[in-house]
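The values are calculated or read from the model by the stated rules, or taken from the named source; none is laboratory data. Keep in mind the model is a prediction, meaning the values are calculated, not measured. Using ideal geometry, Cβ is built from the backbone for each residue, glycine included, and neighbour counts are taken over all protein chains shown. Remember, those area values only see protein heavy atoms, side chains included, never the ligands or the DNA or RNA. Shrake-Rupley method; radii C 1.70, N 1.55, O 1.52, S 1.80 Å.
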Amino acid sequence: MVKVSRGRCLLQDWLDLKGMSQAELSRRTGYAARMISFYCSGSRPMSTNAMYIISRVLGIHMEDLYEWKMK
């Protein structure tokens, strides 16, 4: 059976590409600015719910928020 794990978080890359600040993402999603910072730095992984909401705001697929590793 193939297993998949999250690699590096790509959220800051997407914010840079979209020209959006962490503060703006915080306002648009309702997530605390500190939590967005944790996600961007990779200190905390995003929940499935957070991935869904953030991907909708950014107009991307949930899977695009991380590099994925197959084992």
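State yes or no: is Ser55 open to solvent by less than 50 Å² (accessible area, probe 1.4 Å), among the hydroxyl-bearing types (Ser, Thr, Tyr) and part of a helix (DSSP H, G or I)?
Here the answer is yes, as Ser55 does meet what is asked.
With (1) touching a residue at least 12 places away in the same chain (Cβ under 8 Å); (2) surrounded by 13 or more Cβ atoms within 10 Å (Cβ to Cβ) as the list, and Asp13 as the residue in question, which single condition is left unmet?
(1)
Just give me the residues in the stretch 23-52 being of a type in the set (A, V, I, L, M) and either modelled with pLDDT under 95 or assigned to a helix (DSSP H, G or I) (or both), in sequence order. Reasoning before the result, please.
Of all residues in the stretch 23-52, those of a type in the set (A, V, I, L, M) come to 23, 25, 32-33, 35-36, 46, 50-51.
The answer is Ala23, Leu25, Ala33, Met35, Ile36, Ala50, Met51.
Starting from the stretch 34-60, keep only residues that are on the phi > 0 side of the Ramachandran plot, then list their pairs with residues that are surrounded by fewer than 16 Cβ atoms within 10 Å (Cβ to Cβ) and not polar (S, T, N, Q) whose Cβ atoms are within a distance under 9 Å, requiring at least 6 positions of separation or different chains.
Qualifying pairs under 9 Å: Gly42/Arg8; Gly59/Lys18.
Taking Asp64, is it free of Cβ contacts under 8 Å to residues at least 40 places away in the same chain and in a helix (DSSP H, G or I)?
no
Within the stretch 27-52, take every residue that is open to solvent by less than 50 Å² (accessible area, probe 1.4 Å) and among the aromatic types (Phe, Trp, Tyr) and give me the one that is nearest to Glu63 (Cα to Cα).
The extreme case among them is Tyr39.
Sort out which residues of the stretch 58-70 are farther than 20 Å from Glu24 by Cβ, within 10 Å of the chain's Cα centre (by Cα) and open to solvent by less than 90 Å² (accessible area, probe 1.4 Å), and write them in order of number.
Residue satisfying the conditions is Tyr66 alone.
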